[in-house]
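Remarks on the structure that follows.
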Amino acid sequence: MQITIPAPTTYTKVDDGVYKDSDGNLYHDERILRHRIFYQRSDDTTSDNWSLHSSFTTEEPCQAEVARLNKTNGDLFTYYYKDNGEATTIKRLLY
């Protein structure tokens, strides 16, 4: 079962890189780089439920890490590489 909580649309800056939403939850800026590794459980072949594992500035180390992860953890998780075209900054919940 997956629980999805909608992200707030407005934030108030509390400190450098820290923000608060209308419910009082705190968030921080997180930089996600261009080259990304996504994963999902190997036994979950019917869903499109992929999660971000890590991100890299260049393709070569990212591809090497995907190969390493699939070799060492391939029985539990499936990993894949995606070039997102550009880096982005998101708000990540602090907990």
Computed on Cα atoms only, the convex hull of the chain has an orientation-averaged projected area in nm² of 7.8
Computed about the Cα centre, the charge dipole of the chain from +1 Lys/Arg and -1 Asp/Glu charges at the Cβ has a magnitude in debye, to the nearest 20, of 60
At 1.4 Å probe size, what's the solvent-accessible area of residue 78? Round to the nearest 10 Å². 50
Quantify, in whole percent, the carbon and sulfur part of the accessible surface of the chain (1.4 Å probe; protein heavy atoms only). 49
So, over other residues within a Cβ distance under 12 Å of residue 32, counting Lys, Arg +1 and Asp, Glu -1, the net charge is +3
Using only the alpha-carbon atoms, how far is helix 59-73 inclined from the longest principal axis of the chain? Give it as 0 to 90 degrees, nearest 10. 70
Roughly how much of residue 42 is accessible, in Å² to the nearest 10, using a 1.4 Å probe? 30
Under 14 Å, Cβ to Cβ, from residue 5 - net charge with Lys/Arg +1 and Asp/Glu -1: 0
What number of lysine-lysine pairs in the chain show an alpha-carbon separation below 26 angstrom, given a sequence spacing of 8 or more or placement on distinct chains? 4
Just to verify a number: what accessible area does residue 33 come out at with the full protein assembly present, 1.4 Å probe, Å² rounded to tens? 50
Per-residue ellipticity at 222 nm for the chain, helices alone: DSSP H runs ≥ 4 residues times -39500 (n - 2.57), over residue total, nearest 500 deg cm²/dmol? -5000 deg cm²/dmol
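The values are calculated or read from the model by the stated rules, or taken from the named source; none is laboratory data. Please read these numbers as outputs of a predicted model, since none were measured by experiment. Glycine also receives a Cβ, built like all others from the backbone with ideal geometry; neighbour counts cover every protein chain displayed. When the accessible area is computed, the model is the full protein with side chains, heavy atoms only, and any ligands, DNA or RNA have been set aside. Shrake-Rupley method; radii C 1.70, N 1.55, O 1.52, S 1.80 Å.
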